[in-house]
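Here's the structure we're looking at; comments come further down.
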Amino acid sequence: MLGTQKRWQEELFVAGPLSSLIPEDHILKQVDKILDLSWLRKEVADLYCSNNGRPSIDPEAAVRLMLAGFFQGVVQDRKLMREAQVNLAIRWFAGYRLDEKLPDHSSLTKIRQRWGTERFKKIFLKTVQSCIDANLVSGETIHVDATLIRADVSWESVTTKHAETVIKENESEDDKPKGRGRPRKQPKPKKRSATDPDASMATSCKKIIAEPCYKQHGAVDDVCGVIVDVEISTGDANEGSQLPDQVKRIEENTGRKIEILSCDSGYGHGKNYEHLEQQNIEAIIPPKNPGKRGNGIPLSKFKYDAKNKIVMCPGNKILTPGAENKLGVPYRARTKDCKKCRLRDKCFTYTSTSRTVTIVPGYEALMRARRRHKKPDKKFTRTYSRHRWKIEGMHGEAKSQHGLNRAVRRGLDNVAIQAYLTAAVINLKRLAKYAGGLFDDLLAYLANMLAVLTIMVALRVFLKNCTRKRIWKMAG
């Protein structure tokens, strides 16, 4: 029989609570069981007048609206409030009734500006602590990586900043070259966005054109993939130089000592290896390729005595150290030694008169890392394989499901708030999955399966014994 649905008469009253209309497996309903924002009102109380002015939006309701949007991948305020008008789950999660008016989208913008980045960072840190209390974080093995976030600017806003013009205008008479001295090399002009000066041009691959970006430095725990640290910088910041500060933040956030730290080769600097050795942290970091000097003798063939600060070339000649620069300490061979050396043609080009090598900071630790990487053990291989899908999977999840592939607002603080809320949402998903009942259901299912397998094995052994007894009787 072909049925019909009468949809012309609207219901004036709806029997039952609003939560009954939301499926039990909905992500917002799962998160509501483990989300605790009772501390937030006291945290922001000093930003509001206690006895004057119009009542503001409830702080917990505002944060729940933002989190609900990030769960749905809706990160624009206007689009979020339009979605909340018709989405029962968002209304229920934020605490608004069906007949209750929702706040204007501009209110969320004002809240972010008034609260600042530190309070949103505290929301993220609270989710980290909740995961620690639920035993989802060990803090022993940590995976660290960085990713680029496209700035919310157009290509028309990108202009070239002529650095040499600014230097000439501000150059004093004492700094100008005198006589026939060699003129100072002017820095290369940099491109910046006029609408978002905090963003900088960067790319993750030489084959891809540089774009105005920000950079997120993230850290993930190995057990359940909980994010334990997030930091936002400009796109041209070197992630390798951020590692010592990041290690300190991770240990402060988790309250536990890191034992194993995995990163990609972008962090493979001598300073990082040396710092991790001093902190008794095992580094699972593939070192960078040393690079080739044409057909010359590589630096690895030079012997370095760190105790006496001596470098000896393959021709058994001692090199003289120079003044330390930003790359390290240059060691230069004497011209007369190189002139008579039998390895001269193999060591450097005919246009040079002597060989110079640079010993970077942490050179010995770098050499030990390179020797280990030549013959990696099973622990190195296993940990680094987990690094690829743990931390890179987190970045992919944040970009594809929660809108972090592009910044929604401009400015370093606004992008940091977006990153903190995204990380908080991902941690809440982990917490709802493993500590909200689904993990217990999985354990119960596995226990039942184990019991069934035990019974089947026992039955198989019983039948086998019965068969043997029958055969012996027939033989007798």
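Against the list (1) among the small types (Gly, Ala, Ser); (2) in contact with a helix residue (DSSP H, G or I) (Cβ under 7 Å, 6 or more places away or on another chain); (3) not assigned by TED's automatic domain parsing to the domain that holds Ile142, the condition Gly328 fails is (2).
Against the conditions (1) over 18 Å from the mean Cα position of the chain (by Cα); (2) surrounded by fewer than 19 Cβ atoms within 10 Å (Cβ to Cβ), Val75 satisfies every one except (2).
Taking residues in the stretch 335-360 that are touching a residue at least 40 places away in the same chain (Cβ under 8 Å), and partners anywhere that are among the charged types (D, E, K, R), the pairs with Cβ atoms closer than 7 Å and at least 6 places apart or on different chains are Cys347/Arg355; Phe348/Arg355. Does Ala45 satisfy being surrounded by 20 or more Cβ atoms within 10 Å (Cβ to Cβ) and without any contact (Cβ under 8 Å) to a residue 60 or more places away in the chain? It is false that Ala45 is surrounded by 20 or more Cβ atoms within 10 Å (Cβ to Cβ) and without any contact (Cβ under 8 Å) to a residue 60 or more places away in the chain. Of the residues that make up the stretch 289-310, is at least one closer than 30 Å to Glu231 by Cα and surrounded by fewer than 17 Cβ atoms within 10 Å (Cβ to Cβ)? Scanning the stretch 289-310, I find at least one residue that is closer than 30 Å to Glu231 by Cα and surrounded by fewer than 17 Cβ atoms within 10 Å (Cβ to Cβ), so the answer is yes. Within the stretch 366-402, the residues that satisfy the criterion of being of a type in the set (Val, Ile, Thr) and surrounded by 16 or more Cβ atoms within 10 Å (Cβ to Cβ) are Thr383, Ile391. When Lys42 is tested against (1) more than 15 Å from Trp92 (Cα to Cα); (2) part of a loop (DSSP other than H, G, I, E, B), only condition (2) is not met.
You will find that of Ala68, Ala61, the residue that is assigned to a helix (DSSP H, G or I) and more than 23 Å from Asp152 (Cα to Cα) is Ala61 and no other.
For the stretch 217-247, enumerate the residues that are among the acidic types (Asp, Glu) and surrounded by fewer than 23 Cβ atoms within 10 Å (Cβ to Cβ). Spell out how you get there, then give the answer.
Here is the first cut: in the stretch 217-247, the ones among the acidic types (Asp, Glu) are 221-222, 229, 231, 236, 239, 245.
Selection gives Asp222, Glu231, Asp236, Glu239, Asp245.
The values are calculated or read from the model by the stated rules, or taken from the named source; none is laboratory data. Remember, predicted model here, so these are calculated numbers, not experimental data. For neighbour counting, all protein chains shown are included, and Cβ atoms are generated from backbone atoms with ideal geometry for every residue, glycine included.
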